[in-house]
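S.K.: My questions will all concern the structure given below.
The values are calculated or read from the model by the stated rules, or taken from the named source; none is laboratory data. Fair warning: this is a prediction, and the values are worked out from it, not measured in the lab. FYI the Cβ positions are ideal-geometry reconstructions off the backbone, even for glycines, and counts take in every protein chain you see.
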Amino acid sequence: MRFYLSLTLCLIVSTISAQKTVFRDDFRDNRNNWTIAAKEEYSSYIQNGKYVISKKTESGSWFFYKKVYTEYDKDFRIEIEATQTSGIVNHGYGLIFGAEDVNNSNFFIITSNGYYRLAGYDGGEYNNKTEWETSNLINKSGEINSVVFEREGDQFRFSINHTEVLSMPVDKIKIYGQRIGFILYNEMRVEFDFLEVKQDYKDINLVPGVDTLQLVREPLGPEINSPYTEKSPVISADGNTLYFNRGGHPDNTEDREYSDIWFSRYEHGKWQKAEQFPRPVNNGSHNFVVSVTPDNNALLVGNTYNADGTAKGSGFSYTRKKSEGWEVPKDVTVKNYHNHNDYTESCLSSSRKVLISSVERDDHRGSKDLYVSFLGADSVWTEPKNLGTVLNTESDEDSPFLAADDVTMYFSTSGHPGFGSGDIFMTRRLDDTWLNWSEPQNLGPQINSPNWDAYYTIPASGAYAYVVSNSPYEGDLDIYRIKIPEAAKPKAVTLVYGKVLNQKTGEPLSADIRYSDLDTDSEIGRATSLEADGSYKLVLTSGKSYSFLASKEKFITVSDNLEIPDNKEYMEIERNLYLAPIEVGQTVLINNIFFDFGEASLRETSFADLNRLVELLAKYPDMTIEVSGHTDNVGSEAANQSLSKSRAAAVLDYLVGKSIDAGRLVSKGLGEVKPIASNETEEGRQRNRRVEFTIVSM
C-alpha cells in the first residue's frame, strides 16, 4: 500500500548553458508549505533546518512532494541530502521526480544497509526500472547521504554522495509531471536537509540587462532585523519611514504568536532602532500595514477593528494620524469582498483611489490572484476584478506593490519562469481600465534568490528596493535593500510637499487636499494635511499640469497649480498652501485663472476655480466681494490699468452669468501698482499677473 501528501508549488525554469540554483529549500521554515502533521501512519515537521518524517506503520510507502516545474528535456540537476536517524535499515528512502501523482511517478531510493534502486508507478502498476544494487558509497544510518538525479545531453544520471552509480538514455524513463519530493518506506525516521534544483535561466523573461549587473543585497542591520521574522515592508514615499511586520517578538502586543507593526526612521544617514507601533493600531491580533499614503499621515492596515480598538475580523481599515496620536482604524468597505485564503496582501495607489489585492476568490485561477477595486463617490470600493491571465497563473500571486507612478507594479509568484520558490516580477499598466498589463518581467538573479522572495517596496525616488528573503537566523525572514536596475525603475515622479497654513495667522491647519488634471479638472487623487504641523505630500507624474485644492470648513477653499516637466529623474518641490478664514477683509488669490497674453477673455481652464467661487457665494448669500485685477510692469501704465480692469470685469461677468446677483459684486483694475513680487524676474512678473477677491461684507 502506498500513500502521498501533495501541495503545489509551480516554478518554471529553463535551458542549460550555465546552471543556476533556481529552487532550494533549506527548511528554515515552512514557507513552501510542506505537509506538517501527526498521524497514526506518519508524522512530519520542520525543526532546526530539517524536514523530519517518520513512517510508523509496518508496510507501505509515503510520498511528500510538490510541483516544481522543471524542463526535463533540457539539462538540469536535482539533489537532496538526507539522514536516516532510526528505524529499519533495509527499507528505502529517497527522491521522487517527474511525478504527476502517486500512480504515475518515479523515485530513486537508497537503504542504510547499502542498496539502491530506481522504481516507480505507471498507471498505478509498480514498476522496477532496475533491480536492487549494492554500493559502498551509501553511508549508514545516522550519517548524511546525498542523492542526485540529473540530465546531461541524452542521458539521465543518478549519483550517491557525488559519485555516479547509474546512467541510462532519457527515453528509458517516462516523465509524468512536475512534482518532486521525498519518499520513505515503513518503520523509519529520516531527516531531509535540503532540496535543490539547478538549471539555466535562459528562457526567463528578464528585465533587460539585469543578469549582467553587480548589485549588492544589503541587510538593513540590527536596528531593523532581529532573530525574529521581519516581513511585509512598506516604505513611505519620501523614503524616510519604513513600516514592517514583526512576528514572534517578545515585546509584541499581548500575544507574541501574532505579528505587530514596527517602524524605523531614516535619520542622519542611517536607519534608527525600530519602534513598535502604538495602540490602537497594534491590538494583540495580527497587525500589518497595507499601504502608507504619500503624506505619511494615514495608513491602510489589514483586518478590522471594534470601536474600542480590539480585533473584529478580516478585511481592511484606514487610520489617520491626529495631534494626539493614531485614531482607531475605521472599516474600509469593499463590495462583495471575500477571500477563501488565510492570507492576503494589498497595496493602495498613490492617488488613494485604486486598491490592488492578492486574494482567493470564486473566479481565481490559482489559489491567490491579483484583483483591482476602485474608490466610489460614496467612499465604498467596487467589487474586486480579476487582473487576468497575463499576470495571474495557476500558482499564487502575492504581495503586489504599486509604485508611485501608479503605472508600474511589482509582485511575487512562482507561476512565471523564475529563480526560486517565489520571484519578484515587474509589469506596467497599459491603459486606464487597470485590466491590461504588460508581460511580467523577472527582476533577475541579483534580486531574486533561489529561495522565496517577496514584499518588494520602493520610495517615490526609486533609489532602492526593499525586499524580504532568508536571513542568517534559523526559520527567519529579514529585510534587505538593493539598488534598482535602471530598466526596472518606475517612471519618474515629483514629490510635492509643504504645509497648509492659516493665511491670516500662519498657524498650521488640517485640511483635505484634492489634486486634479488642470486641463480637464478631473480628480486624480486626495491627501490630508497633518493636524500638528499642517504638512502634506503629493506624488505627481511627470509631463502634466495639475491643480491642487485645499479645503476646510469655515475657510475659503484655495487652489494652486503646478506644471511638472517631463522629467527623467525624481524631483521634489516645496509649495505651501494658504487658507483664508471666511471673514470680512480677507483677500484671496484666484490661482487657477488664465487669460491669453494681452487679452481679457477667460480660458476654459479658469472655470473650475471660478465655479468654486460661485459655490462660496451661494453658500453665504449675504457675502459681497470686490474682484481686483493686477498686472506686471511690462508695457505702459495706462495699458496695464486698462487690461487689469477688463480682466476683473470678465470675472465679474462670469459670476453674474452663474446667477450671482451683480449687486453683490464689484470689480476694479489696479494695474501694476500693487505688486506682490519683484518685476525683475519672469517668476516674479508671473506672480504679479493675478486676479484676487476681497470679502467686503457678510
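S.K.: Looking only at residues that are farther than 27 Å from Tyr536 by Cα and in contact (Cβ under 8 Å) with a residue 24 or more places away in the chain in the range 309-330, which one is surrounded by the fewest Cβ atoms within 10 Å (Cβ to Cβ)?
M.R.: Applying the filter and picking the extreme gives Thr310.
S.K.: Here's another thing I want to ask about it. Which strands (runs of 3 or more DSSP E) sit wholly inside the range 149-232 and have at least 2 residues that are acidic (Asp, Glu) and either farther than 18 Å from Val467 by Cβ or at pLDDT 90 or above (or both)?
M.R.: The strands (runs of 3 or more DSSP E) meeting that bar are 188-199.
S.K.: Taking the range 366-386 as the region of interest, how many residues are out of contact with any Ser or Thr (no Cβ under 6 Å at 6 or more places or on another chain), farther than 19 Å from Cys347 by Cα and surrounded by 17 or more Cβ atoms within 10 Å (Cβ to Cβ)?
M.R.: 0
S.K.: Could you tell me which numbered condition Ile204 fails, if it satisfies all but one of (1) farther than 26 Å from Gln47 by Cβ; (2) in contact with a Lys or Arg (Cβ under 9 Å, 6 or more places away or on another chain)?
M.R.: (2)
S.K.: Being crowded, with 23+ Cβ neighbours inside 10 Å and of a type in the set (A, V, I, L, M, F, W, C) is the filter; apply it to the range 531-548 and report the residue that is farthest from Thr494 (Cα to Cα). Explain how you work it out, then say what you get.
M.R.: The initial filter retains those residues of the range 531-548 that are crowded, with 23+ Cβ neighbours inside 10 Å, namely 536-540, 548.
Retained after the next criterion (residues that are of a type in the set (A, V, I, L, M, F, W, C)): 538-540, 548.
Values: Leu538: 8, Val539: 6, Leu540: 5, Phe548: 14 Å.
Looking at residues that are crowded, with 23+ Cβ neighbours inside 10 Å and of a type in the set (A, V, I, L, M, F, W, C), I get Phe548.
S.K.: Residues that are more than 22 Å from Leu402 (Cα to Cα) and free of Cβ contacts under 8 Å to residues at least 40 places away in the same chain: does the range 294-303 have at least one?
M.R.: Checked the range 294-303: no residue is more than 22 Å from Leu402 (Cα to Cα) and free of Cβ contacts under 8 Å to residues at least 40 places away in the same chain.
S.K.: Taking Ile660, is it at pLDDT below 90, surrounded by 15 or more Cβ atoms within 10 Å (Cβ to Cβ), in the same structural domain as Gly684 (by TED's automatic domain parsing) and of a type in the set (A, V, I, L, M)?
M.R.: For Ile660, the condition - at pLDDT below 90, surrounded by 15 or more Cβ atoms within 10 Å (Cβ to Cβ), in the same structural domain as Gly684 (by TED's automatic domain parsing) and of a type in the set (A, V, I, L, M) - is not met.
S.K.: Here's a check for you: in the range 68-98, which residue that is closer than 17 Å to Tyr51 by Cβ and charged (D, E, K, R) is surrounded by the fewest Cβ atoms within 10 Å (Cβ to Cβ)?
M.R.: It comes out as Glu81.
S.K.: Continuing with the same structure: Show the residue pairs meeting these rules: Cβ distance below 6 Å; 6+ apart or different chains; first residue within the range 503-516 and assigned by TED's automatic domain parsing to the domain that holds Val558 and closer than 16 Å to Lys322 by Cα; second residue hydroxyl-bearing (Ser, Thr, Tyr) and assigned to a loop (DSSP other than H, G, I, E, B).
M.R.: If the second residue must be hydroxyl-bearing (Ser, Thr, Tyr) and assigned to a loop (DSSP other than H, G, I, E, B), the pairs left are Ser510/Ser529; Ala511/Ser529.
S.K.: Could you list, ordered by first residue, the pairs with Cβ atoms under 7 Å in which the first is in the range 34-46 and farther than 13 Å from Glu191 by Cβ and the second is modelled with pLDDT under 90 and of a type in the set (Val, Ile, Thr), at least 6 apart or interchain?
M.R.: These pairs meet every condition: Glu41/Thr57.
S.K.: Inside the range 272-305, can you point out the residues that are more than 11 Å from Asp260 (Cβ to Cβ), in a strand (DSSP E or B) and touching an Asp or Glu at 6+ places or on another chain (Cβ under 7 Å)?
M.R.: The one that is more than 11 Å from Asp260 (Cβ to Cβ), in a strand (DSSP E or B) and touching an Asp or Glu at 6+ places or on another chain (Cβ under 7 Å): Thr304.
S.K.: Does Phe548 satisfy being modelled with pLDDT under 90, not in a loop (DSSP other than H, G, I, E, B) and not acidic (Asp, Glu)?
M.R.: When the stated conditions are applied, Phe548 passes them.
S.K.: Testing Asp211 on (1) of a type in the set (Asp, Glu); (2) surrounded by 14 or more Cβ atoms within 10 Å (Cβ to Cβ); (3) over 21 Å from Tyr410 (Cβ atoms), one condition comes back false. Which one is that?
M.R.: That leaves (3) as the condition not met.
S.K.: Could you check, for the range 394-407, whether at least one of its residues is surrounded by fewer than 23 Cβ atoms within 10 Å (Cβ to Cβ), at pLDDT 90 or above and farther than 20 Å from Pro294 by Cα?
M.R.: Among the residues of the range 394-407, at least one is surrounded by fewer than 23 Cβ atoms within 10 Å (Cβ to Cβ), at pLDDT 90 or above and farther than 20 Å from Pro294 by Cα, which makes the answer yes.
S.K.: Among the residues of the range 565-576, are any assigned to a loop (DSSP other than H, G, I, E, B), in contact with a helix residue (DSSP H, G or I) (Cβ under 6 Å, 6 or more places away or on another chain), surrounded by 18 or more Cβ atoms within 10 Å (Cβ to Cβ) and not aliphatic (A, V, I, L, M)?
M.R.: no
S.K.: Is there a residue being hydrophobic (A, V, I, L, M, F, W, C) and either touching a helix residue (DSSP H, G or I) at 6+ places or on another chain (Cβ under 8 Å) or not in a strand (DSSP E or B) (or both) anywhere in the range 306-326? Lay out the reasoning, then the answer.
M.R.: First, the residues of the range 306-326 that are hydrophobic (A, V, I, L, M, F, W, C): 307, 311, 316, 326.
Add one more test, that the residue is either touching a helix residue (DSSP H, G or I) at 6+ places or on another chain (Cβ under 8 Å) or not in a strand (DSSP E or B) (or both), and what stays is 307.
Yes; the residues of the range 306-326 include at least one that is hydrophobic (A, V, I, L, M, F, W, C) and either touching a helix residue (DSSP H, G or I) at 6+ places or on another chain (Cβ under 8 Å) or not in a strand (DSSP E or B) (or both).
S.K.: Please go through the range 395-409 and give me each residue that is acidic (Asp, Glu) and in contact with a Pro (Cβ under 7 Å, 6 or more places away or on another chain), ordered by number.
M.R.: Scanning the range 395-409 gives a single hit, Asp405.
S.K.: Moving on. Out of the residues in the range 510-530 meeting the condition of being under 23 Å from Arg603 (Cβ atoms), touching a Ser or Thr at 6+ places or on another chain (Cβ under 8 Å) and not aliphatic (A, V, I, L, M), tell me which one is surrounded by the fewest Cβ atoms within 10 Å (Cβ to Cβ).
M.R.: Ser522
S.K.: So, one more: Any idea which of Leu9, Leu95, Leu5 is modelled with pLDDT under 95, in contact with a Phe, Trp or Tyr (Cβ under 9 Å, 6 or more places away or on another chain) and not in a loop (DSSP other than H, G, I, E, B)?
M.R.: Leu5
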